[in-house]
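*Asks:* Questions regarding the structure given below will be posed in turn.
The values are calculated or read from the model by the stated rules, or taken from the named source; none is laboratory data. Just so it is clear, the model here is predicted, and its values are computed rather than measured. Here the Cβ is made from the backbone with ideal geometry for all residues, glycine too, and neighbour counts use every protein chain on show.
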Amino acid sequence: MIRVTHQLYLDEKDLDWQFVRASGPGGQNVNKVATSVQLRFNLRNADYLPERLRQRLGVIARRRITKDGYLLIDAYRHRTQERNREDALERLIELIRRASITPKPRIPTKPTMASKQRRLQAKRLTSSKKHLRRGFPVEE
């Protein structure tokens, strides 16, 4: 079990690791060693996570979720497979922590009396400008 917060844990059986050759840092090793890590987290099978959290995670990381319900994270910043693996896991945990925080609902405020007066004054000013632009009829 991987701890995310005090109440949230991830089951390691839902994590699928794949290692491929990366095009990032690595020097001569870049063509020989598979240092890039692709972490696949099965969201659909993660029944231990609350439904609201899974929905928020789907909204936050919608571009990274496949049709099969897997959340994909690619990590290739570092030269070693181990550090890329740690990086991918940290990024997954950070995503889940962000999803666990419910956003505060926005309460729409009413416009103040002063803002209404400023708006009406600006409308009157624009109206008078346009009224002055009208030409006077030419009498011949």
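*Asks:* Going by the structure shown, is Arg79 under 19 Å from Asp14 (Cα atoms), of a type outside the set (Val, Ile, Thr) and touching a residue at least 12 places away in the same chain (Cβ under 8 Å)?
*Replies:* So Arg79 fails the test.
*Asks:* Would you point out the residue of the stretch 4-37, among those that are at pLDDT 70 or above and small (Gly, Ala, Ser), that is nearest to Leu49 (Cα to Cα)?
*Replies:* Ser36
*Asks:* Select, from Arg106, Arg54, Arg83, Arg63, the only residue that is at pLDDT 85 or above, in a helix (DSSP H, G or I) and out of contact with any His (no Cβ under 7 Å at 6 or more places or on another chain).
*Replies:* On inspection, the qualifying residue turns out to be Arg83.
*Asks:* If you check Arg133, Arg118, which single one turns out to be farther than 30 Å from Glu12 by Cβ, at pLDDT 85 or above and surrounded by fewer than 11 Cβ atoms within 10 Å (Cβ to Cβ)?
*Replies:* Of the residues listed, the single one that is farther than 30 Å from Glu12 by Cβ, at pLDDT 85 or above and surrounded by fewer than 11 Cβ atoms within 10 Å (Cβ to Cβ) is Arg133.
*Asks:* Just to be sure, is Ser100 over 26 Å from Thr35 (Cβ atoms) and in contact (Cβ under 8 Å) with a residue 60 or more places away in the chain?
*Replies:* yes
*Asks:* What residue, among those in the stretch 63-108 that are within 19 Å of Glu51 (Cβ to Cβ) and small (Gly, Ala, Ser), is surrounded by the most Cβ atoms within 10 Å (Cβ to Cβ)?
*Replies:* For the stretch 63-108, the residue satisfying everything is Ala99.
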